[in-house]
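Inspection log for the structure reproduced underneath, given as structure tokens.
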Amino acid sequence: MPSTRHHRRIERREASRRRRRLAPGDRRRDLVRVAARLLSARGVDAVQIADIAAASGVSRQLVYKFFPSRQAIIKAVLEDFADALTAEFGRHALDRLPADLAEATQVFVEAACDTIQVQGAGAWHLLDSKGPDPDVARLGRSIMDRLVAPWPARISRVAGIGEHEAAIVARMLVAAGRAVLDLWCAGEITRHEAVRYATRGMTALLETFPNGTGRQRTPRRTSAR
């Protein structure tokens with residue numbers, strides 16, 4: 001994972017560029033990127049309007065023009081991360097065309113790793129936040145719910161369980177994957193290990209259900225008598 005020193009070098013290098021006048025859409029995206037870097041490098045407490053303005057080389061009034069509150073810019077960071085993860089998962093899935101739910105799980109884990117490397121780990125940690133800020137925690141959970149929403153229907157279909165149980169399993173899969181990816185974010189294991197262990201653990205959970213990992217099997221033909 002990129003170091004805090006690396007993030008700070010990027011911030012300094014880009015500070016002068018940000019002082020230039022940008023189109024409104026570009027300025028908004030730039031502020032979100034700065035907030036994401038602060039979140040990853042220094043934690044959620046560093047995502048304050050004054051800190052974002054200073055790191056961006058602009059006034060606080062300009063930040064408020066785009067984001068009326070701290071929660072608004074944190075929400076934008078989380079939504080940007082979720083959109084990037086969804087797009088990355090789609091790209092990986094298109095490249096590999098997963099044959100079953102187990103392989104789709106690996107594709108999702110790899111997409112999560114790619115997104116974390118580009119966007120930073122700060123937003124990833126907030127997606128299922130249980131921290132002291134209730135507004136931030138609600139934002140994180142709502143974004144996570146949106147990411148998980150497509151999974152229960154497919155889990156129900158391929159694992160042979162009801163939709164209510166599938167929704168619970170989807171959250172269990174997310175928790176299992178997060179436990180491993182958090183170790184990678186902390187530098188305790190390599191990315192290769194993270195993908196391998198997360199996929200193995202999530203697949204083992206799926207295999208406890210009637211249809212296993214959901215791999216489609218072709219029925220055997222019986223000879224006519």
Q. For the range 72-206, what is the relative contact order in percent, using Cα pairs closer than 8 Å and at least 6 residues apart in sequence?
A. 25
(Q) Need the full-extension length gain, residue 79 to residue 50, defined as separation in residues times 0.36 nm minus the C-alpha distance. One decimal, nm. (A) 8.3 nm
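How high is the FRET efficiency between residue 179 and residue 145 when r is their beta carbon distance and R₀ equals 25 Å, given to the nearest 0.05? Provide the component values of the computation, followed by the final result.
Details: r = 19 Å, r/R0 = 0.76.
Efficiency at R0 = 25 Å is approximately 0.85.
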Q.
Need one number: nm distance between label points at residue 91 and residue 163, each 7 Å from Cα along Cα→Cβ, rounded to one decimal.
A. 3.3
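Read-outs throughout are calculated quantities, based only on the coordinates presented, and are distinct from any laboratory measurement. Please read these numbers as outputs of a predicted model, since none were measured by experiment. Here Cβ is always computed from backbone atoms with ideal geometry, including for glycine, and neighbour counts include all displayed protein chains.
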